[in-house]
Amino acid sequence: MSAISQVPAAFPEIDRQTRESGFTMPSEILTCSLLRTLAASKPAGRFLELGTGTGLSTAWLLDGMDAASTLVSVDNAAEFLDIAIRNLGTDSRADFVCRDGGEWLEENQHSRFDFIFADTWHGKYLLLDEALALLNPGGMYFIDDMLPQANWPEGHDLKVANLRAVLAARSDLDVTELDWASGLIIAVKK
């Protein structure tokens with residue numbers, strides 16, 4: 001496998017601040033690189049990120065998005081979201097929202113997106129139907145951390161297995177699982 005040669009301009013500083021902050025759940029760089037590639041496939045797209053964290057994956061999404069695209073990035077942890085805002089907040093395509101993901105999903109059912117990266121409980125293990133309802137036809141739903149992780153609490157493997165089964169059984173999605181990086185699922189709404 002080749003090394004990733006180009007990272008977004010803000011990535012090194014966000015990575016440094018992330019390590020200093022004690023944030024322990026960043027998306028890995030292979031996942032981030034794929035996010036950039038997938039974002040490039042949605043010109044003038046509307047993007048949603050549930051679980052900004054410190055903005056590591058956000059930087060890659062923005063790097064792949066064109067000038068006509070927009071991103072709403074939601075997280076409830078202000079201390080981590082502030083890192084993203086400090087480093088990416090001048091990008092006019094990005095709207096950072098400090099809010100509980102579940103509340104945001106319930107209050108924004110009128111919204112539609114071309115790409116959703118669900119990197120937190122809401123929109124992945126909780127309120128999955130509500131998140132998927134926000135996808136336009138042809139829209140992508142992307143999740144990571146489907147392979148066993150050192151920080152999984154006891155019993156989390158059962159939640160992952162259930163989520164995989166629920167997504168695979170949906171007739172409104174074409175789903176591909178990748179045992180690559182941290183374990184990925186990419187689904188497209190029919």
Query raised in the report: Has the range 42-49 got any residue that is on the phi < 0 side of the Ramachandran plot, over 16 Å from the mean Cα position of the chain (by Cα) and either among the hydrophobic types (A, V, I, L, M, F, W, C) or at pLDDT 95 or above (or both)?
Result: yes
Requested in this report: Could you list all residues from the range 81-122 that are within 17 Å of residue 17 (Cβ to Cβ) and touching a residue at least 60 places away in the same chain (Cβ under 8 Å)?
Outcome: 83, 84, 86, 87, 88
Report task. Restricting attention to the range 60-81, report how many residues are farther than 20 Å from residue 121 by Cα and out of contact with any Leu (no Cβ under 6 Å at 6 or more places or on another chain). Result -> 9
Query - Filter result for residue 73 (closer than 18 Å to residue 111 by Cβ, surrounded by 23 or more Cβ atoms within 10 Å (Cβ to Cβ), touching a Ser or Thr at 6+ places or on another chain (Cβ under 7 Å) and modelled with pLDDT of 95 or more) - result: yes
Query raised in the report: Just wondering, is there one or more residues in the range 99-109 that are touching a strand residue (DSSP E or B) at 6+ places or on another chain (Cβ under 9 Å), assigned to a strand (DSSP E or B) and of a type outside the set (Lys, Arg)?
Result: no
Report task. Note down all Cβ pairs under 6 Å where the first residue falls in the range 127-140 and is in contact (Cβ under 8 Å) with a residue 12 or more places away in the chain, the second is surrounded by fewer than 19 Cβ atoms within 10 Å (Cβ to Cβ) and in a strand (DSSP E or B), and they're at least six residues apart or on different chains. Result -> 140/188
Requested in this report: Among residues belonging to the range 135-173 that are assigned to a loop (DSSP other than H, G, I, E, B) and hydrophobic (A, V, I, L, M, F, W, C), point out the one that is surrounded by the fewest Cβ atoms within 10 Å (Cβ to Cβ).
Outcome: 150
Query raised in the report: Do you know which residues across the range 32-56 are within 20 Å of residue 96 (Cβ to Cβ), in a helix (DSSP H, G or I) and in contact with a Leu (Cβ under 9 Å, 6 or more places away or on another chain)?
Result: 32, 35, 36, 39
Query - Checking residue 131 against (1) surrounded by fewer than 17 Cβ atoms within 10 Å (Cβ to Cβ); (2) at pLDDT 95 or above, the condition it does not meet - result: (1)
Requested in this report: Test each condition in (1) under 24 Å from residue 134 (Cα atoms); (2) surrounded by 18 or more Cβ atoms within 10 Å (Cβ to Cβ) for residue 80 and report the one that comes out false.
Outcome: (1)
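The values are calculated or read from the model by the stated rules, or taken from the named source; none is laboratory data. As the structure is a prediction and not an experimental result, all values here were calculated from the model. When we count neighbours, we look across all protein chains shown, and the Cβ atoms used for this are built from the backbone with ideal geometry, even at glycine.
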